[in-house]
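For reference, the structure is listed below as structure tokens.
Nothing in this text is a laboratory measurement; each read-out follows from the coordinates by a stated rule. The structure displayed is predicted, hence computed values, not measured ones. In this analysis, Cβ positions are derived from the backbone assuming ideal geometry, glycine residues included, and neighbour counts consider all displayed protein chains.
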Number of protein chains: 2
Amino acid sequence: KDYVPLKEVSKRNRLSMSFMDRAQETKSLVAAKLFRIMAEKRTNLCLSMDTTNSMELLELASKVGAHICLLKIHIDIIKDFSKDFITNLVALAKEYNFLILEDRKFADIGHVVKLQYSQGVHEISSWADLVTVHPIPGPGIISGLKAALEELSQQDRGCFIVVEMSSQGNLNSADYKTAAVKLAMTHSDFVVGIVCQSSSLVPDPGLIQLTPGVKLDKGSDTLGQQYNSPEHVVLNGADVAVVGRGITEAQDIIGTVKEFQTRLWEAYEKRISPNE
Amino acid sequence: KDYVPLKEVSKRNRLSMSFMDRAQETKSLVAAKLFRIMAEKRTNLCLSMDTTNSMELLELASKVGAHICLLKIHIDIIKDFSKDFITNLVALAKEYNFLILEDRKFADIGHVVKLQYSQGVHEISSWADLVTVHPIPGPGIISGLKAALEELSQQDRGCFIVVEMSSQGNLNSADYKTAAVKLAMTHSDFVVGIVCQSSSLVPDPGLIQLTPGVKLDKGSDTLGQQYNSPEHVVLNGADVAVVGRGITEAQDIIGTVKEFQTRLWEAYEKRISPNE
């Protein structure tokens, strides 16, 4: 399908390129930052924390911070949210050199997401390096988020566009994905990458493929979520792999984080190796 | 298209049925409640408030409460959110007999929306009669929301499924809408209705068509939102019409609310009239 404006896209295949090389290909400051963090720390692991307790989140983040490039959270489930919590979280991100992804899945019209991004109790745009966005409302959702940043003079912010979901019976059709990728390409100054399961959806080496639904072994939960192995997702184009309960529910958290880090990084090195 | 399980659907055309008759057709307690409120108060007007200030919201809600059936808010944009605010809002809803719709547009997998619905600072399920849901993640999103309610033993709760959006360039394709309506029909104990622009998407008289993007005159804003007149949307199947800035930015708020109430209700009465 002819959804990619080819003149803007490097002819090199991102799957065989190093993260450091790809840092040169993006128009986004925060995407370049994430690429460099991955290369420096030798980790393409994103930890997803679905905890409702701020202390638990901070404790785990400080425990595993050295092994991840990205921490994905849901700020709206934290029961004891406070400004101090944000101060501490941002300090940890700085200390351990990871970025923060608020997995908000914005999905409203521009006028509303502008307010949801910058206002309210959580003031997401003031601390989240990255957020997730559903493309369903059309281009206005990107304009709305950008409008919020313009008022704040924030530049080192970006979003991932959710193009595929890993839940059973999701409604992301082929046409939906095509339109979503087009939206991402058109706004690649603000869109740092794409949330998806398959490499063909991320044609631009400057865009980052973020892939959730990763566990050490395949499986599914009772509410429709499906899982794949680290090697499987990296081979299918994952640049950053999102692991949640596979780590947070493990007996040996540090050991498990290290196993994910090693297996994901080795799969990435194998992927970019010229001998493969 | 054969997406409707016909044996469950009344053969009567909802467009010619009164709200009181339709209250008999729903499996949802809260949908029946909303139908009765509309019939008793003679209003099918939903006010949408996008304010970031809790006092402003409460003041306007008490001013217009007598003229609306539903108040649609975005709790996550309120800067000075507090439990007292919720107590006051719920008291106003009781005093003026309207329901509260938190327009959250849930759009994540079941495990996550379960937490987003019941946990966090906002504890939405404890006070919002209704919420909005994007069907994109598949059936798991409904199971997740229901699972949160089961733990709370809440019964008088429900959701609207967002099947169409009124923003320019939205990605809601025909197939997407078909799958979304199917999801709504399958879960009509919890799904009270459908957010859409066209009557053909709401086949069941027990489901409520909620239509946003309504102003006294046609037009659009600078972030891609498009508007239609009260008569146009009711003729196109709107049971409840959502009006936002058309009221909140009016010079004469009470006068404008009354004009919307009258025009929307007269359009509804005309629609169900046997002479039409």
Per residue and in Å³, how big is the convex hull formed by the alpha-carbon atoms of segment A:104-171?
90 Å³
Please report, in Å, the Rg and the Dmax of the protein assembly as shown, where both are computed over Cα atoms only.
23.5, 78
Relative to the Cα centre, what is the charge dipole magnitude of the protein assembly as shown, using +1 at the beta carbon of each Lys and Arg, -1 at the beta carbon of each Asp and Glu, and rounding to the nearest 20 debye?
940 debye
What whole-number value in cubic angstrom gives the convex hull volume per residue for the C-alpha atoms of segment A:15-162?
113 Å³
Segment A:33-105: Rg/Rh from Cα coordinates, Kirkwood Rh?
0.95
Straight-line reach from residue A:72: which aspartates and glutamates fall under 12 Å, measuring Cα to Cα and dropping same-chain residues less than 8 apart?
A:50, A:102, A:103, A:129
In a Gaussian network model of chain B with springs linking alpha carbons closer than 10 Å, the residue among B:70, B:29, B:264 that fluctuates most is B:29
Which value, in debye to the nearest 20, gives the size of the charge dipole of chain B about its Cα centre, when Lys and Arg are +1 and Asp and Glu are -1 at the Cβ?
620 debye
In square nanometres, what is one fourth of the surface area of the convex hull spanned by the alpha carbons of segment A:136-274?
10.0 nm²
Specify whether the C-alpha gyration tensor of chain B places it in the rounded, prolate or oblate class, a ≥ b ≥ c being the square roots of the eigenvalues: rounded for a/c under 1.5, otherwise prolate if a/b is larger than b/c and oblate if not.
rounded
Using the scaling law 2.2 N^0.38 Å as the reference, what is the normalised Cα Rg of segment B:68-131?
1.12
What does DSSP give for the protein assembly as shown in terms of the percent of beta bridges that are antiparallel, rounded to the nearest 5?
10 percent
Segment B:98-253: relative contact order from alpha carbon pairs under 8 Å, six or more residues apart, as a whole percent, is 17 percent
Antiparallel content of DSSP bridges confined to chain B, in %, to 5
10 percent
Mean separation of Cα contacts under 8 Å (6+ apart) over length of chain B, as relative contact order %
21 percent
With the dipole of the protein assembly as shown defined by +1 on each Lys or Arg Cβ and -1 on each Asp or Glu Cβ, the option from A:82, B:133, A:196 whose Cα lies farthest towards the positive pole is A:196
Of the trypsin sites (Lys or Arg not before Pro) in segment A:149-218, which ones lie in a loop per DSSP and count no more than 15 other C-beta atoms within 10 Å?
A:218
Per its Cα gyration tensor (rounded if a/c is under 1.5, else prolate when a/b beats b/c, else oblate), segment B:170-213 is best filed as oblate
Starting from the Cα of residue A:62, step 7 Å along the direction of its Cβ; do the same at residue A:198; then give the gap between the two resulting points in nm.
4.5 nm
Filter the chymotrypsin sites (Phe, Trp or Tyr not before Pro) in segment B:55-140 down to the DSSP loop ones having no more than 10 other Cβ atoms within 10 Å, then list what survives.
none
Could you pull out the trypsin sites (Lys or Arg not before Pro) across segment B:76-142 that fall in loop regions by DSSP (anything but H, G, I, E, B) with no more than 15 other Cβ atoms inside 10 Å?
B:79
